[in-house]
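Enquirer: Mind having a look at this structure? Questions to follow.
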Amino acid sequence: MQLEMRRSRVLRKLRNKEVALSTKINLSDPVSVEIAGLAGFDCVWLDMEHIPCDWSTICDMIRTAKIYDMDAMVRVSKGSYSDLIKPLEADATGIIYPHLMNLKEAQELVYYTKFHPVGRRPLDGGNADGKYCLIDMKEYIKHANAERFVMVQVEDPEVLDDLEEIVKLEGIDIIFFGPGDFSQGIEAPGDFQHPLLLETRKKVADLCKKYGKYCSTPCGITQLKEYKKMGYNFINLGADVLGLGAYWKNLIEEAKKILLE
């Protein structure tokens, strides 16, 4: 049997001009990932920036996602190059790099996360993504560059001066617009109708369209049609904690009404 790396479900949909949907996992348990897979999401967003997950948990979540042919992308912590590539070696389909500030930082990111000829990602192959050295090294490198994605977060106004050059950069596959931190960065925390925020969201989509890149953002269900029309084609819908919290809150409120009757 010939082995090869798993192909990305997200990239398959994007290359087919479809919209890919992810959901964020905040709970440190693979059960959340399994439920997302059963629900039909294309991808789960795992987090090592804000969530106190250890590597064993992340690896279990990635394995769970693969059972359902669902991509797993990991938002990395900004540390050494090892922090960038360990999720990929655990067979995550992509990484999300938070708070990208300038072109130089983007170039360094590509250098460490893409193999030759795009970058100089440290080469191993003896982990889950390389089928533990059971696939040909040249095929491994080729598939890793083609079927694993690097997403950068535009969530600070400082990056705007370099934005077009970053979008053009080979090796940056997806641009993510993060409105929450961006609103804080422009000194209007929580004002999601601020003119600069609205302008930047559209600018990200327009530049991605211009240079043939993909763009992503979080989205409420009522905004989905609008963002798709704008050009966003990889959209994150909700999170496990949002669903669970809303369900329980509603359950308690309904219970209290019944008990007061």
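Enquirer: Please specify each residue of region 41-59 satisfying the condition of being under 19 Å from R7 (Cα atoms) and not aliphatic (A, V, I, L, M). Even if it seems obvious, please write down each step before you answer.
Expert: Pass one, region 41-59, residues under 19 Å from R7 (Cα atoms): 41-46, 59.
The answer is F41, D42, C43, W45, C59.
Enquirer: Among what's in region 27-53 and is under 28 Å from C133 (Cα atoms) and in a loop (DSSP other than H, G, I, E, B), pick the residue that is farthest from the chain's Cα centre (by Cα).
Expert: It comes out as C53.
Enquirer: Which one is surrounded by the fewest Cβ atoms within 10 Å (Cβ to Cβ), of the residues in region 54-89 that are in a loop (DSSP other than H, G, I, E, B) and touching a strand residue (DSSP E or B) at 6+ places or on another chain (Cβ under 8 Å)?
Expert: So in region 54-89, the residues in a loop (DSSP other than H, G, I, E, B) come out as 54, 68-70, 76-80.
Next cut, touching a strand residue (DSSP E or B) at 6+ places or on another chain (Cβ under 8 Å) only: 70, 76, 78.
Details: M70: 24, V76: 24, K78: 13.
Per the stated criteria, the residue is K78.
Enquirer: Go through (1) acidic (D, E); (2) closer than 18 Å to S216 by Cβ; (3) surrounded by fewer than 17 Cβ atoms within 10 Å (Cβ to Cβ) and name the single condition D47 misses.
Expert: In the conditions (1) acidic (D, E); (2) closer than 18 Å to S216 by Cβ; (3) surrounded by fewer than 17 Cβ atoms within 10 Å (Cβ to Cβ), D47 misses (3) alone.
Enquirer: Oh, and also: Spot the failing condition for V44; the list is (1) over 21 Å from Y214 (Cβ atoms); (2) touching a helix residue (DSSP H, G or I) at 6+ places or on another chain (Cβ under 6 Å); (3) β-branched (V, I, T), and only one is missed.
Expert: Tallying (1) over 21 Å from Y214 (Cβ atoms); (2) touching a helix residue (DSSP H, G or I) at 6+ places or on another chain (Cβ under 6 Å); (3) β-branched (V, I, T), V44 fails exactly one: (1).
Enquirer: Does I96 qualify as being among the β-branched types (V, I, T) and surrounded by fewer than 18 Cβ atoms within 10 Å (Cβ to Cβ)?
Expert: no
Enquirer: If I ask for residues that are closer than 30 Å to G126 by Cβ, in contact with a helix residue (DSSP H, G or I) (Cβ under 8 Å, 6 or more places away or on another chain) and of a type in the set (A, V, I, L, M, F, W, C), which ones from region 1-19 would you list?
Expert: Matches in region 1-19: L3, M5, L11.
Enquirer: Here's something else I'd like to know. Could you grab the pairs with beta carbons closer than 9 Å, sequence gap of 6+ or different chains, first residue in region 1-26 and in a helix (DSSP H, G or I), second one loosely packed, with under 14 Cβ neighbours inside 10 Å and at pLDDT 95 or above?
Expert: Filtered contacts from region 1-26: R9/D69; L11/A146; R12/E18.
Enquirer: Is it the case that region 244-253 has a residue that's of a type in the set (D, E), touching a residue at least 24 places away in the same chain (Cβ under 8 Å) and in a helix (DSSP H, G or I)?
Expert: We begin by selecting, within region 244-253, every residue of a type in the set (D, E); these are 253.
If we keep only those that are touching a residue at least 24 places away in the same chain (Cβ under 8 Å) too, we end up with none.
No, the conditions are met nowhere in region 244-253.
The values are calculated or read from the model by the stated rules, or taken from the named source; none is laboratory data. Remember, it's a predicted structure, so these values are computed and weren't measured experimentally. Virtual Cβ from ideal backbone geometry, glycine too; neighbours counted across all protein chains shown.
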